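Taking it in order: structure first as structure tokens, then the write-up.
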Amino acid sequence: MVFGWGKKKQEAPKEAPNDKTINLSDVPQIVTELRQLRQSQALSDIKRLRDATVPLIDDLTNIGKVLEKDNLNVDDIDKHLAIIVVRGKKQVIDIIKKGVTGIPKISSIDDAQELDSTLNQILKKVGDVLGRQTRVIHIFAKKYAEQLKNNLEVMNKNHYEIHDILKNFDTMKIISDEIMNVLSEIKNLQETRTQNEKKIVEINSRLSSIDEKISSIQSSIEEIKSSDNYQKYVELKKSLDEFETQKIKIKNDIDAQFTKISRPLNRYEYASSLDKDQKNLLAKLNTDPFDVLTPKNKDSIIVILENVRKAVSSSSISVKDVDKTLAQITETEEALDGFLKQVLEYFQKHEQLETDLNSLKPKRLISLEDDLEKNISFKEDYEIKSKTIKNEIDEIRLKIPQFATEIEDKLRKFSNTKYILDSS
């Protein structure tokens, strides 16, 4: 600005902070007290600056009145230049009359903000017009130029200090709000930690109860397994398992025999017009004959084998060696009764062993083993849940000191006391 009066404010040296240890519960009151103290200090300083500015406002108004009556000896200068001087003088006087207003009294921060705004408008309006008319004032109204400069320079300095005080107060409010928000976060974390600690106690109680139940079930299972009846059951189960290996031998013998005639059987399956049941039976003979070798299916199997024989004999089904294939079909038919007997005897014996096994099977053992499995599963779930909650508690224990340090740093920004928080 050409008609300038601004000066930089020198920062006061900061005092060395005093140390003071406090609890988290003390912070709200400290913040409130500091906020009230800073507000009181701010209002007191702004009120002092306001009172020092009022006379300057009055002086500025008086300068305008005196200037208005002064013709600045325009009759002695060129008439064209005189027009410019008179017009410039009028603009300055009009701005002082309209723009230089009274300033509010200070009883609250709102009043201080209104004062800041009012002074800003006054200085901007007067500064702008004096900037535009600087040559007129400095050349034709020299005695007013120095008065205006000195007056506005002090007014601007006072306004700068008022604005700076309000800015610092706003910063302090933001910091104090942030502190309260962090305190709220800490409170939530503490409540969560307390709830989680209660959950851990409950889970430990349940785990203890489950361990007792598992121990009781295991004892009952051991008792049953030590009985003579269970030993008979185990021996019979072993016998059944050993007997089931016979199925593999019988199945392999049957598969080996039917593999000899698999080629004509396969071709007959695709070339014949059998009913649904016979087609299913023929398909099984091709894939797993053991499952269909029953007395009920004997006649149908013989019919299929004879039809295959006829198809091979009539060359409806082509094979490399007709005589060999016919001999293998005959061999299969002759072995059929033996296979049927073996399969039947196997299933009869297997069924008898299963019946005997089921009669010895301890029903309570099944129930106990189911209960044991369920309780072990419950225990694993609770242990996982306990671990998760403990991790959350550990995270909270790390976060709270971090938040406490954040509060310490923020308090240090608007307090001469260095507060050290005991967040334990």
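The values are calculated or read from the model by the stated rules, or taken from the named source; none is laboratory data. Everything numeric here is computed off the predicted structure, so don't read it as measured data. Neighbour counts run over all protein chains shown; Cβ positions are idealised from the backbone, glycine included. Side chains are part of the model used for accessible areas, which takes the heavy atoms of the whole protein and leaves out ligands, DNA and RNA. Shrake-Rupley method; radii C 1.70, N 1.55, O 1.52, S 1.80 Å.
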Checklist entry - Pairs, please: C-beta under 9 Å, at least 6 apart or cross-chain, first residue closer than 15 Å to residue 259 by Cβ and in segment 283-295, second among the acidic types (Asp, Glu)? => result 284/291; 285/269; 286/269; 288/255; 289/255; 290/255
Item to check | Counted residues, segment 318-353 - those being within 17 Å of residue 303 (Cα to Cα) and among the polar types (S, T, N, Q) | outcome: 4
Checklist entry - Does residue 277 count as open to solvent by 30 Å² or more (accessible area, probe 1.4 Å) and out of contact with any helix residue (DSSP H, G or I) (no Cβ under 9 Å at 6 or more places or on another chain)? => result no
Checklist outcome for this item: Selection over segment 247-259 where residues are of a type outside the set (A, V, I, L, M, F, W, C) and touching a residue at least 12 places away in the same chain (Cβ under 8 Å) yields a count of 5
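Among the residues of segment 261-272 satisfying the criterion of being among the polar types (S, T, N, Q) and open to solvent by 30 Å² or more (accessible area, probe 1.4 Å), which is farthest from residue 290 (Cα to Cα)?
Here the answer is 266.
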Next on the checklist: If residue 30 satisfies all but one of (1) under 30 Å from residue 405 (Cβ atoms); (2) loosely packed, with under 11 Cβ neighbours inside 10 Å; (3) at pLDDT 80 or above, what's the number of the condition it fails?
Outcome noted: (2)
Next on the checklist: So residue 185 ticks every box in (1) modelled with pLDDT of 90 or more; (2) closer than 30 Å to residue 124 by Cβ; (3) open to solvent by 60 Å² or more (accessible area, probe 1.4 Å) but one. Which box is left unticked?
Outcome noted: (2)
Item to check | Identity of the residue in segment 246-260, over 12 Å from residue 288 (Cα atoms) and among the basic types (Lys, Arg), that ends up modelled with the highest pLDDT | outcome: 249
Checklist outcome for this item: Considering segment 33-67, residues that are open to solvent by 60 Å² or more (accessible area, probe 1.4 Å) and among the hydrophobic types (A, V, I, L, M, F, W, C), and then whichever is nearest to residue 123 (Cα to Cα), we arrive at 66
Next on the checklist: Let me spell it out: the conditions are (1) of a type outside the set (Asp, Glu); (2) touching a Lys or Arg at 6+ places or on another chain (Cβ under 6 Å); (3) open to solvent by 70 Å² or more (accessible area, probe 1.4 Å), and residue 180 meets all of them except one. Which number is the exception?
Outcome noted: (2)
Item to check | Per-region count, segment 358-387, residues among the hydrophobic types (A, V, I, L, M, F, W, C) and touching a Lys or Arg at 6+ places or on another chain (Cβ under 6 Å) | outcome: 1
Item to check | Output for segment 226-260, where each listed residue is touching a Leu at 6+ places or on another chain (Cβ under 8 Å) and either closer than 14 Å to residue 287 by Cα or open to solvent by 70 Å² or more (accessible area, probe 1.4 Å) (or both) | outcome: 229, 232, 237, 254, 258
Checklist outcome for this item: Filtering segment 160-184 for residues that are in contact with a helix residue (DSSP H, G or I) (Cβ under 9 Å, 6 or more places away or on another chain), among the hydrophobic types (A, V, I, L, M, F, W, C) and within 30 Å of residue 52 (Cβ to Cβ) leaves a count of 6
Checklist entry - Being open to solvent by 50 Å² or more (accessible area, probe 1.4 Å), under 30 Å from residue 178 (Cα atoms) and more than 37 Å from the chain's Cα centre (by Cα), is that true of even one residue in segment 403-423? => result yes
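In segment 191-211, how many residues are under 24 Å from residue 400 (Cβ atoms) and either open to solvent by 70 Å² or more (accessible area, probe 1.4 Å) or touching a helix residue (DSSP H, G or I) at 6+ places or on another chain (Cβ under 7 Å) (or both)?
Qualifying residue count, segment 191-211: 13.
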Item to check | Checking residue 346 against (1) farther than 19 Å from residue 249 by Cβ; (2) surrounded by 17 or more Cβ atoms within 10 Å (Cβ to Cβ), the condition it does not meet | outcome: (1)
Item to check | The one condition in (1) under 30 Å from residue 347 (Cβ atoms); (2) of a type outside the set (D, E, K, R); (3) touching a residue at least 40 places away in the same chain (Cβ under 8 Å) that residue 262 fails to fulfil | outcome: (3)
